[in-house]
Amino acid sequence: MIVSSQPVSPAAPLSRRDQILAAAAELFARHGFHGVGIDDIGAAVGISGPALYRHFRSKDAMLGEMLTSISELLLDGGQAIAARHGTGTDAGPGDLLGELVGFQVDFALDNPALITVQERNLGNLTDPDRRRVRALQRRYVEVWVQAIRDVVRDVDEPSARAAAHAVFGLINSTPHSRHIDRGEMAALLRRMALAALLGQRE
């Protein structure tokens, strides 16, 4: 699975495959998928372009694994949060929604290159990879839809789904608007996202 582009401690070195994916994410975010060649990615990790083919069969395969991994990570995280709140905890549905918001905020702030690549490059996936990513994304959205409807009792399913997508748009805009430090930005995004979601009750 693709790893965060954040610095990793010496105790947890990246595999060569993960180094390639992290470097490709940064380059795709900066220059676009079509603006980056295999040689560019190889140079970023200190190997020749052709040597990348020992790890990935093509640049398309690299992008497919990158975006599939993002979607799997988000789905797994969202489902784990929902499961914790569905196993007899004292937390209410609002706490579940707050934790989902915090999870998405942290992912967006910690992985700006991946967020940018996901936003801009779905159309560059092969058809099988695009179908898989879309299916994973739909399942992640459904976790949010259920959480929103548990809190905002009178909201219908289409409105809850639209609200979830709107909040993703708010949170995922952060790669383009990092004007304050990370902690302040996280707190601001959490407040704004929850205000937007809970405001539906009025």
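The values are calculated or read from the model by the stated rules, or taken from the named source; none is laboratory data. None of the values given here were measured: they were computed from a predicted structure. Because the Cβ atoms are built from the backbone with ideal geometry, glycine has one as well, and the counts that use them run over all protein chains shown. Heads up: the accessible areas ignore ligands, DNA and RNA and are worked out on the full protein's heavy atoms, side chains in. Shrake-Rupley method; radii C 1.70, N 1.55, O 1.52, S 1.80 Å.
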- Inspect all residues belonging to the stretch 139-149 and state whether any of them is within 13 Å of the chain's Cα centre (by Cα) and assigned to a helix (DSSP H, G or I). yes
- So which of Ala61, Ala51, Ala80 ends up being more than 13 Å from the chain's Cα centre (by Cα) and farther than 23 Å from Ala22 by Cβ? Ala80
- Do we have Phe107 as surrounded by fewer than 18 Cβ atoms within 10 Å (Cβ to Cβ), within 15 Å of Leu73 (Cβ to Cβ), under 12 Å from the mean Cα position of the chain (by Cα) and among the hydrophobic types (A, V, I, L, M, F, W, C) here? no
- Consider Ile148 against the criteria (1) in contact (Cβ under 8 Å) with a residue 60 or more places away in the chain; (2) more than 17 Å from Ser71 (Cβ to Cβ): it satisfies all of them except one. Which criterion is unmet? (1)
- Scanning the stretch 171-197 for residues that are crowded, with 16+ Cβ neighbours inside 10 Å and among the hydrophobic types (A, V, I, L, M, F, W, C) gives Ile171, Met185, Ala186, Leu189, Ala193, Leu194, Leu197
- List the pairs whose first member sits in the stretch 35-46 and is open to solvent by 60 Å² or more (accessible area, probe 1.4 Å), whose second member is assigned to a loop (DSSP other than H, G, I, E, B) and at pLDDT below 95, and whose Cβ atoms are under 6 Å apart, counting only residues at least 6 apart or on separate chains? Asp39/Gly49
- Sort out which residues of the stretch 117-128 are open to solvent by 10 Å² or more (accessible area, probe 1.4 Å), of a type in the set (S, T, N, Q) and assigned to a helix (DSSP H, G or I), and write them in order of number. Gln118, Asn124
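Table: residues versus (1) open to solvent by less than 40 Å² (accessible area, probe 1.4 Å); (2) in contact with a Lys or Arg (Cβ under 9 Å, 6 or more places away or on another chain); (3) at pLDDT 95 or above.
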position	(1), (2), (3)
His55	no, yes, no
Met66	yes, no, yes
Asp76	no, no, yes
Asp90	no, no, no
